[in-house]
């Protein structure tokens with residue numbers, strides 16, 4: 001991991017009408033780091049993730065990517081900062097058509113050869129699946145892998161994960177996250193993952209932001225946050241308090 | 001022997017109320033509770049069309065391009081209002097979108113017909129401009145309303161797909177292309193079906209009217225063919241212009257889908 005700052009959040013906030021979803025966030029994201037954003041439902045985690053590639057705009061503060069305002073070149077930003085949604089949108093058509101969806105506007109992607117597409121599928125461990133197969137027939141885990149491959153074709157530098165395993169069983173969740181970690185290592189990716197499952201993220205993230213009611217309540221490594229008993233909020237939630 | 005034309009007198013029209021009486025009898029038999037509504041509709045049909053006849057007669061007596069244009073613009077404004085009222089979902093600037101699309105398609109298609117196809121002299125003759133303009137506006141209104149309704153449904157249905165495409169680097173127009181295509185298809189297919197079956201299973205209204213008024217069926221058919229072509233192009237053009245304005249309302253200047261509009265309009 002090097003020290004180059006990719007994203008810099010300076011007093012960033014987000015509100016809808018009178019409702020403050022995110023309040024005065026200050027942190028940065030360094031290249032090749034794996035950052036997990038943890039917190040209970042409604043904490044503002046997904047909203048925070050959407051700010052990274054401008055699917056939502058901050059309503060206050062300054063947010064920069066490589067020192068530049070995000071809105072300078074939105075399309076390039078979004079190609080560089082891939083987003084894996086909680087529920088992947090799989091388009092009607094074959095696996096190949098889904099992989100090449102960005103080929104509608106990017107001729108380099110449109111010209112990707114079949115054997116190159118298979119390499120992307122191998123990368124997400126979808127081995128020996130025909131490119132012609134109907135993508136909507138894939139299982140939940142396979143769909144999430146296909147969605148990851150579709151993002152990787154854009155050759156992103158940053159990958160945003162919005163609870164990508166929330167609809168999968170624990171074993172499959174670990175297998176997807178293991179895959180993400182391997183892909184990160186191979187491609188030198190920077191990752192921001194949003195999750196409510198701090199036990200799952202413990203295996204992968206280097207740094208954690210704890211978010212509650214739109215505010216950062218703690219930030220640091222798992223070791224540092226354990227020392228502060230910062231995860232007690234999850235224990236309380238598990239007990240139903 | 002072929003008659004010159006059949007004249008329908010006011011007395012004949014009163015006799016035709018026998019149809020409504022028969023319908024009311026049937027409705028009563030089945031206890032459908034539609035009698036009152038049907039009576040109001042019968043009365044409105046009579047009053048609205050009679051008034052329209054007098055308005056048209058008044059306009060037909062004044063051959064001036066300004067009169068013709070004013071009447072067409074009033075018809076377009078009323079149609080745009082009606083289209084906005086019919087829209088079940090909230091679409092920002094929808095009235096403006098309807099107005100621009102109906103105005104553009106009407107002027108372009110009506111102008112082509114008057115100047116180059118029928119070669120009407122003078123070109124603003126209300127005898128041609130008003131009825132043909134009315135057909136163009138009516139068809140454009142129906143088609144654009146249908147497309148707009150379907151477009152919002154498509155956006156709701158495809159919200160995840162649209163955000164995925166935006167997140168991959170698509171422009172808003174590229175991201176909603178599939179939704180646009182599906183909604184225009186849905187609106188144009190009835191027009192295409194009508195073109196496929198015309199003359200086989202139905203004799204269209206304009207042709208029927210002309211034949212009843214004593215026009216040679218061969219001539220009436222030519223008019224009908226022109227009208228079918230005109231309808232399709234009107235629908236296509238009105239839909240495209242309307243959607244080109246409407247789709248932008250669903251995105252911010254930062255290429256973000258305004259999902260809140262899709263929630264509000266459920």
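The values are calculated or read from the model by the stated rules, or taken from the named source; none is laboratory data. Keep in mind it's a predicted model, so treat the numbers as computed, not measured. Every residue, glycine among them, receives a Cβ derived from its backbone with ideal geometry; neighbour counts consider all protein chains shown.
Just checking, does the range B:36-46 include any residue being within 28 Å of residue B:233 (Cα to Cα), free of Cβ contacts under 8 Å to residues at least 12 places away in the same chain and out of contact with any strand residue (DSSP E or B) (no Cβ under 8 Å at 6 or more places or on another chain)?
No, there is no match, as no residue in the range B:36-46 is within 28 Å of residue B:233 (Cα to Cα), free of Cβ contacts under 8 Å to residues at least 12 places away in the same chain and out of contact with any strand residue (DSSP E or B) (no Cβ under 8 Å at 6 or more places or on another chain).
Listed here are the residues, each with its yes/no results for (1) modelled with pLDDT under 95; (2) crowded, with 17+ Cβ neighbours inside 10 Å.
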| residue | (1), (2) |
| --- | --- |
| B:180 | no, yes |
| B:188 | yes, yes |
| B:193 | yes, no |
| B:203 | yes, no |
| B:206 | yes, yes |
| B:250 | no, yes |
| B:257 | no, yes |
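Go through the residues of the range A:19-37 one by one and say whether even a single one is without any contact (Cβ under 8 Å) to a residue 24 or more places away in the chain and more than 17 Å from the chain's Cα centre (by Cα).
There is at least one residue in the range A:19-37 that is without any contact (Cβ under 8 Å) to a residue 24 or more places away in the chain and more than 17 Å from the chain's Cα centre (by Cα).
Of the residues in the range A:60-106, how many are within 8 Å of another protein chain (Cβ to nearest Cβ), under 28 Å from residue A:116 (Cα atoms) and not in a strand (DSSP E or B)?
Selection size over the range A:60-106: 15.
Which residue, of B:213, B:129, is more than 14 Å from chain A (Cβ to nearest Cβ), out of contact with any helix residue (DSSP H, G or I) (no Cβ under 7 Å at 6 or more places or on another chain), in contact (Cβ under 8 Å) with a residue 60 or more places away in the chain and on the phi < 0 side of the Ramachandran plot?
Result: B:213 is the single residue among B:213, B:129 that is more than 14 Å from chain A (Cβ to nearest Cβ), out of contact with any helix residue (DSSP H, G or I) (no Cβ under 7 Å at 6 or more places or on another chain), in contact (Cβ under 8 Å) with a residue 60 or more places away in the chain and on the phi < 0 side of the Ramachandran plot.
Give me a count of the residues in the range A:137-166 that are more than 13 Å from chain B (Cβ to nearest Cβ), assigned to a loop (DSSP other than H, G, I, E, B) and out of contact with any strand residue (DSSP E or B) (no Cβ under 7 Å at 6 or more places or on another chain).
Selection size over the range A:137-166: 4.
Within the range A:21-54, can you find the residues that are within 20 Å of residue A:196 (Cβ to Cβ) and within 14 Å of chain B (Cβ to nearest Cβ)?
Residues satisfying the conditions are A:21, A:46, A:47, A:49, A:50, A:51, A:52.
Could you check the range B:47-62 and list, in sequence order, the residues that are touching a residue at least 40 places away in the same chain (Cβ under 8 Å) and out of contact with any helix residue (DSSP H, G or I) (no Cβ under 7 Å at 6 or more places or on another chain)?
B:62
Just checking, how many residues over the range A:134-163 are surrounded by fewer than 15 Cβ atoms within 10 Å (Cβ to Cβ) and within 21 Å of residue B:178 (Cα to Cα)?
Within the range A:134-163, residues that are surrounded by fewer than 15 Cβ atoms within 10 Å (Cβ to Cβ) and within 21 Å of residue B:178 (Cα to Cα) number 3.
Identify the residue in the range A:33-47 that is assigned to a loop (DSSP other than H, G, I, E, B) and touching a helix residue (DSSP H, G or I) at 6+ places or on another chain (Cβ under 8 Å) and, among all such residues, is surrounded by the most Cβ atoms within 10 Å (Cβ to Cβ).
Checked the range A:33-47; the qualifying residue surrounded by the most Cβ atoms within 10 Å (Cβ to Cβ) is A:39.
For the range A:111-118, does any single residue satisfy the condition of being modelled with pLDDT of 95 or more, more than 8 Å from chain B (Cβ to nearest Cβ) and assigned to a strand (DSSP E or B)?
Taking every residue of the range A:111-118 in turn, none turns out to be modelled with pLDDT of 95 or more, more than 8 Å from chain B (Cβ to nearest Cβ) and assigned to a strand (DSSP E or B).
Consider residue A:193 against the criteria (1) crowded, with 22+ Cβ neighbours inside 10 Å; (2) over 18 Å from residue A:141 (Cα atoms): it satisfies all of them except one. Which criterion is unmet?
(2)
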